[in-house]
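Student: Take this structure, written in structure tokens, and hold onto it; I'll ask about it next.
The values are calculated or read from the model by the stated rules, or taken from the named source; none is laboratory data. This one's a predicted model, so the numbers in the text were calculated from it and none came from an experiment. Cβ atoms come from the backbone with ideal geometry, glycine included; neighbour counts cover every protein chain shown.
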Amino acid sequence: MSDDHDHEDEHLHPPAPMVDEVSEFEVLEIAVRELAIEKGLFTQEDHNQWTDYMHTLGPAPAARLVAKAWLDPEYKKLCVEDGVKASLDVNIDWVNTMPTKFGTPSDYCNLRVMEDTPTLKHVVVCTLCSCYPRPILGQSPEWYRTPNYRRRIVRWPRQVLAEFGLQLPEDVEIRVVDSNQKSRMIVLPVRPEGTEGWTEDQLAEIVTRDCLIGVAVPKPGITNNAKRPVRKAINPYKH
Amino acid sequence: MLPPIRQKVMRHLDIVGLIQPALHQQTHAPSPDMIDNAHFRAYTRSPHDVGGEPDIPITWEEKEEEVWEHNTFVTCEVLAWRGVWNAEERRRRQNVEVGQTQYLGLPYYGRWLLTAAKILVDKQFVTATELQDKVAEVRRRYE
């Protein structure tokens, strides 16, 4: 009887969820990966190689491209005309840099560089999913993937940019560019005042990921994205 | 007091009830005269086509990546590298075919992961039983 009584107590006061309980996502991820390897669809070595490739990615090459374009009008022209060719000068080959040697299996190979002017501001979205120029810009930020950003930026761009801290005068036209499976975009912002005589390295430092997406503009002295809350992972991946 | 398995079932049903999309009008298989062409088009649009939908401002956040999220991304890319699926197929499966509830309700890489599991079964690389057994075996490692 006392045994029954204990069980009843448990029902009245269910135990707090175990924090170290493995999630269904984790279980399924391991299962899928191991099955794919067991069935010979890919090897562990393939998986490791792709992870290593991921570790090489980030916004640095795109920032470098912008800095070079600011310093060299001919190169800027090339960026706008042929972003893929211009990428070679910042060591990104859209076909051969990745382990496949046939381009990224999800991104394809067309980069478009959207040039801002003092009266025209570009901002990038992917309304249908979260297409992003990973080879030259790294992984997309979480907010870029949210339905909320994708819903609103195309319809209320001025308001959404203001939420990111970018308040543009009414006479600046905002052009929202929608990425897609075949074409990925980065923004080539206007070179800010106060950077006269700067080196390429100095210039590249102020071209942040947010500037390259278009939700911020470069400013002397600002070398990081705006501070935002960071949602913690339960079991974080260590880069 | 309900037995534990019954409690588990009731909790499941409660959650399922809560995650039904709020459509703000009578639903649950209406008669044909209640669906005009505008509604037909709205219902048959793909759930990922969200551009221009009204929404309220939210806090823009950065996010740490879970280990399983990183691995899911890599697995999906490598499956494509090795020819198991192509980009068009991935998009259709991850974005279009999941349905509104899962599209909006699961984490970004959660959809990728479900899709990767389904492709192995759909293309008969593994049977549904093999997948179930594997999942059970992995779960036991953590017990």
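Student: Can we say B:L79 is surrounded by fewer than 17 Cβ atoms within 10 Å (Cβ to Cβ) and either at pLDDT below 95 or assigned to a helix (DSSP H, G or I) (or both)? Show your work before the answer.
Tutor: Numbers: surrounded by fewer than 17 Cβ atoms within 10 Å (Cβ to Cβ): no; either at pLDDT below 95 or assigned to a helix (DSSP H, G or I) (or both): yes.
When the stated conditions are applied, B:L79 does not pass them.
Student: On to the next question. Answer yes or no: is there a residue in the range B:54-74 that is of a type in the set (V, I, T) and in contact (Cβ under 8 Å) with a residue 24 or more places away in the chain. Lay out the reasoning, then the answer.
Tutor: Here is the first cut: in the range B:54-74, the residues of a type in the set (V, I, T) are B:56, B:58-59, B:67, B:72, B:74.
Right, trim to in contact (Cβ under 8 Å) with a residue 24 or more places away in the chain and you get B:72.
Yes, the range B:54-74 contains a residue that is of a type in the set (V, I, T) and in contact (Cβ under 8 Å) with a residue 24 or more places away in the chain.
Student: Continuing with the same structure: Can you tell me which residue in the range A:191-222 is farthest from the chain's Cα centre (by Cα), limited to those that are of a type outside the set (D, E) and exposed (fewer than 14 other Cβ atoms within 10 Å of the Cβ)? Let's see the steps before the verdict.
Tutor: Start the filter on the range A:191-222 by keeping residues that are of a type outside the set (D, E), which leaves A:191-192, A:194-195, A:197-199, A:202-204, A:206-209, A:211-222.
Retained after the next criterion (residues that are exposed (fewer than 14 other Cβ atoms within 10 Å of the Cβ)): A:194, A:197, A:199, A:202, A:221.
On the way: A:G194: 28, A:G197: 30, A:T199: 26, A:Q202: 22, A:G221: 22 Å.
Looking at the filtered set, the residue picked out is A:G197.
Student: Quick check: is even one residue across the range A:151-161 buried (at least 18 other Cβ atoms within 10 Å of the Cβ), polar (S, T, N, Q) and modelled with pLDDT of 95 or more?
Tutor: no
Student: Name the single residue that is nearest to the chain's Cα centre (by Cα) among those in the range B:100-130 being over 18 Å from A:R150 (Cα atoms) and more than 11 Å from chain A (Cβ to nearest Cβ).
Tutor: Within the range B:100-130, the first condition is being over 18 Å from A:R150 (Cα atoms), and the residues that meet it are B:110, B:112-130.
Checking the rest, the ones that are also more than 11 Å from chain A (Cβ to nearest Cβ) come to B:122, B:128-129.
Values: B:D122: 16, B:A128: 18, B:T129: 20 Å.
Per the stated criteria, the residue is B:D122.
Student: Failed condition for B:Q124, given (1) in contact with a helix residue (DSSP H, G or I) (Cβ under 9 Å, 6 or more places away or on another chain); (2) not in a helix (DSSP H, G or I); (3) not acidic (D, E), with all others met?
Tutor: The failed condition is (1).
Student: Something else about it: Take the range B:32-76 and flag every residue that is surrounded by fewer than 17 Cβ atoms within 10 Å (Cβ to Cβ) and β-branched (V, I, T). Walk me through how you get there before you give the answer.
Tutor: Taking the range B:32-76 and keeping what is surrounded by fewer than 17 Cβ atoms within 10 Å (Cβ to Cβ), we get B:32-46, B:49, B:52-59, B:61-62, B:64.
The answer is B:I35, B:T44, B:I56, B:I58, B:T59.
Student: Something else now. In the range A:136-166, how many residues are at the interface with chain B (Cβ under 9 Å from one of its Cβ atoms), in contact with a strand residue (DSSP E or B) (Cβ under 7 Å, 6 or more places away or on another chain) and touching a residue at least 60 places away in the same chain (Cβ under 8 Å)?
Tutor: Of the residues in the range A:136-166, 2 are at the interface with chain B (Cβ under 9 Å from one of its Cβ atoms), in contact with a strand residue (DSSP E or B) (Cβ under 7 Å, 6 or more places away or on another chain) and touching a residue at least 60 places away in the same chain (Cβ under 8 Å).
Student: Checking A:R151 against (1) over 21 Å from A:V113 (Cα atoms); (2) of a type outside the set (V, I, T); (3) part of a loop (DSSP other than H, G, I, E, B), only one condition comes out false. Which one?
Tutor: Here A:R151 clears every test but (3).
Student: Please determine, by comparing only the residues of the range B:16-67 that are closer than 30 Å to A:N235 by Cα and not in a loop (DSSP other than H, G, I, E, B), which one is modelled with the lowest pLDDT.
Tutor: B:G17
Residue-by-condition table, conditions (1) buried (at least 19 other Cβ atoms within 10 Å of the Cβ); (2) within 14 Å of A:L212 (Cα to Cα); (3) within 14 Å of another protein chain (Cβ to nearest Cβ):
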| residue | (1), (2), (3) |
| --- | --- |
| A:D72 | no, no, no |
| A:C79 | yes, yes, no |
| A:G83 | yes, yes, no |
| A:N91 | no, no, no |
| A:P105 | yes, no, yes |
| A:L111 | yes, yes, no |
| A:T117 | no, no, no |
| A:V125 | yes, yes, yes |
| A:L128 | yes, no, yes |
